[in-house]
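Beneath this line is the structure, given in structure tokens, with notes to follow.
The values are calculated or read from the model by the stated rules, or taken from the named source; none is laboratory data. As the structure is a prediction and not an experimental result, all values here were calculated from the model. FYI the Cβ positions are ideal-geometry reconstructions off the backbone, even for glycines, and counts take in every protein chain you see. Quick note on the areas: whole protein, heavy atoms, side chains included, nothing else; ligands and nucleic acids left out. Shrake-Rupley method; radii C 1.70, N 1.55, O 1.52, S 1.80 Å.
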Amino acid sequence: MRILIVGNGGREHAFLWKLHRDHPLHDFLITKGNGGTTPPARAVDVSPSDVGALVELVAAEKVDFTVVGPEAPLAAGIVDAFRAGGHRIFGPTKGAARIESSKAFAKELMDELGVPTAAFRVFHDPAAAARYAAEIGPPCVVKASGLAAGKGALVCLEAQDVQDALAACFERREFGAAGDLVVIEEFLEGEELSMIALTDGRTLVPLLPSQDHKRALDGDRGPNTGGMGAYAPVPLLDDALRERVLDEIFRPLLDGLAERGMTYTGCLYAGLMLTPRGPKVLEWNARFGDPETQAILPLLESDLLELLMATEPGRGLERLGSAWRAGACMTVVAAAEGYPGPYDTGAAIELPVELGPSAFDREGVVVFHAGTGRQDGRLVTAGGRVLDVTALGADLEEARERAYRALDRIHAPTLRWRNDIGWRELARTRV
């Protein structure tokens, strides 16, 4: 079987790693690739966002199934185009993917459906936005409505923060067209976590809950990033609370989309805040999270390909479940100095042989490549988030120890990382 993976970051490397472990004799292609994906995949020189070229590619290469990682191809309608051509693909249609590509659409839909979320208003006029922000007062959250690579949500604790956030969207246009429409919402108190489920539009197969760490610096300080690390599972989301989230949040959204002619297939991801009044939705994503995927998939014992293929309508997802390893998994992101601001690329990375593919079976460690490349035979930095160092453990404490010990064995002076991934859960367990 020939499988195409669209995207070339850490999440996509994690897909490749798991799919190849489950099916080592399958043939894998990946768009562009990175310094760690070849082998086992063959890199193809096609942009992950070039839908037309990808349609031509799968026809020419006789690809049997395509797995989409990033949000941009989904927002561009890759699923619609593939299905129109008779090609099998994992993901939602362009219309359904609006739950991520338009925060305004997602918030208004949740409001109509009664899905619990923060109170909000949507603005295209900066003066009106400023008046509303002053009316509700800080703290509040200003969000660019469109896709902003995970950096478009700005928490504003002071009035000046609101002014800066609105200027970033409307005046400096730091998020481009994504900031043409802005959502201002109430600040929710509580603890964040991510819940992902696979769906064919009716059946839901939930994956393990995880917790991302968005801020750049220890102690949840500094600017928002695409994610500096994650761990799974999150014991706060026990079975009873998980069922409540499915009943009050996931199922109403699926039903509401279907009623509007948008049967949702693929991965449905809810960023949640566990507030004193119950779980509320912070955001929806139409794809697997990054770096949450890297912390979830090493724990998955089920056949990932079987699950992904079954999300297509009529493929039998209702007959499948998911089996998981005991224990915990932690991913720590090693990022380029300066990220999420300006950073240099091309710096050498020395990855010891003992952290190669055999490390997972030997010591529960796997290094997923994100922003890496090959230059004159050397492994070098090629992005902001460079490596996702991941480790399993009998518990989170052991997973943490293994992940950071592996990081210390990587020689890359231009990389930095947070030293407190998993700190909330570890604080609870150490009491």
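Treat each spin label as a single point 7 Å out from the Cα along the C-beta direction, and report the Gln163 to Leu204 distance in nm.
For Gln163 paired with Leu204, the spin-label model returns 4.3 nm.
When a/c is below 1.5 the answer is rounded, else prolate if a/b is larger than b/c, else oblate, so apply that to region 163-226 with a ≥ b ≥ c taken from the square roots of the Cα gyration tensor eigenvalues.
Oblate, because a/c is 1.5 or more while a/b does not exceed b/c.
Is the C-alpha gyration tensor of region 108-182 telling us rounded, prolate or oblate? Criteria: a/c under 1.5 is rounded; beyond that, a/b larger than b/c is prolate, otherwise oblate.
oblate
Taking 26 Å as the cut-off for C-alpha to C-alpha distance, list the pairs among Lys94/Lys151; Lys62/Lys151; Lys103/Lys280; Lys62/Lys103; Lys32/Lys143; Lys18/Lys103 that go past it.
Lys62/Lys151; Lys62/Lys103; Lys32/Lys143; Lys18/Lys103
Taking 0.36 nm per intervening residue step and subtracting the Cα-Cα distance, what contour gain separates Glu191 from Asp344 on full extension?
Full-extension gain reported as 51.7 nm.
Counting helices only, and only those DSSP H runs with n ≥ 4, report the 222 nm mean residue ellipticity of the chain as the sum of -39,500 (n - 2.57) divided by its residues, in deg cm²/dmol to the nearest 500.
Computed mean residue ellipticity for the chain: -7500 deg cm²/dmol.
For the modelled label position 7 Å from the Cα of Glu354 along Cα-to-Cβ, which residues of region 393-426 have backbone nitrogen atoms closer than 15 Å?
Correct set: 402-411.
State to the nearest 20 debye the size of the charge dipole of the chain about its Cα centre, where the only charges are +1 on K and R beta carbons and -1 on D and E beta carbons.
Value, rounded to 20: 460 debye.
Please find the FRET efficiency linking Glu398 to Ile136, where r is the Cβ-Cβ separation and R0 is fixed at 35 Å, and quote it to the nearest 0.05.
Once the sixth-power term is evaluated, E becomes 0.20.
Which of the listed residues, Gln163, Gly222, Pro233, is farthest toward the dipole's positive end in region 141-233, when Lys, Arg count +1 and Asp, Glu count -1 at the beta-carbon?
Farthest along the dipole direction, towards plus: Pro233.
With every protein chain left in place, what is the accessible area per residue of region 273-431 in square angstrom, probe 1.4 Å?
42 Å²
Rounded, prolate or oblate: which one fits the chain, using the alpha carbon gyration tensor with axes a ≥ b ≥ c (rounded when a/c is under 1.5, else prolate when a/b beats b/c, else oblate)?
Because its axes are fairly even, with a/c under 1.5, the chain counts as rounded.
Roughly speaking, what is the stretch gain from Gln375 to Asp238, that is 0.36 nm per residue apart minus the C-alpha to C-alpha distance, in nm to one decimal?
Extra length available between Gln375 and Asp238 comes to 44.7 nm.
List the residues of region 246-278 whose backbone N lies under 15 Å from a point placed 7 Å from the Cα of Ala177 along the Cα-to-Cβ direction.
Within reach of a label on Ala177: no residues.
Please list 266-274, 82-90 highest first by mean number of surrounding beta-carbon atoms within 10 Å per residue.
266-274, 82-90
How big is the charge dipole of region 173-308 about its Cα centre, in debye rounded to the nearest 20, if each Lys and Arg gets +1 on its Cβ and each Asp and Glu gets -1 on its Cβ?
240 debye
Tell me, Kirkwood radius of region 231-285 from alpha-carbon pair distances, in Å?
Final number for the Kirkwood radius of region 231-285 is 12.3 Å.
Provide the packing ranking of 360-372, 417-429, i.e. peptides ordered by the mean count of other C-beta atoms within 10 Å per residue, highest first.
Packing proxy ranking, top to bottom: 360-372, 417-429.
In region 36-104, if the dipole is taken from +1 on Lys/Arg beta carbons and -1 on Asp/Glu beta carbons about the Cα centre, which of Ala43, Phe65, Phe90 is farthest to the positive end?
Result: Phe90.
Order these peptides, 134-147, 38-51, 343-356, by their mean beta-carbon neighbour count within 10 angstrom, highest first.
134-147, 38-51, 343-356
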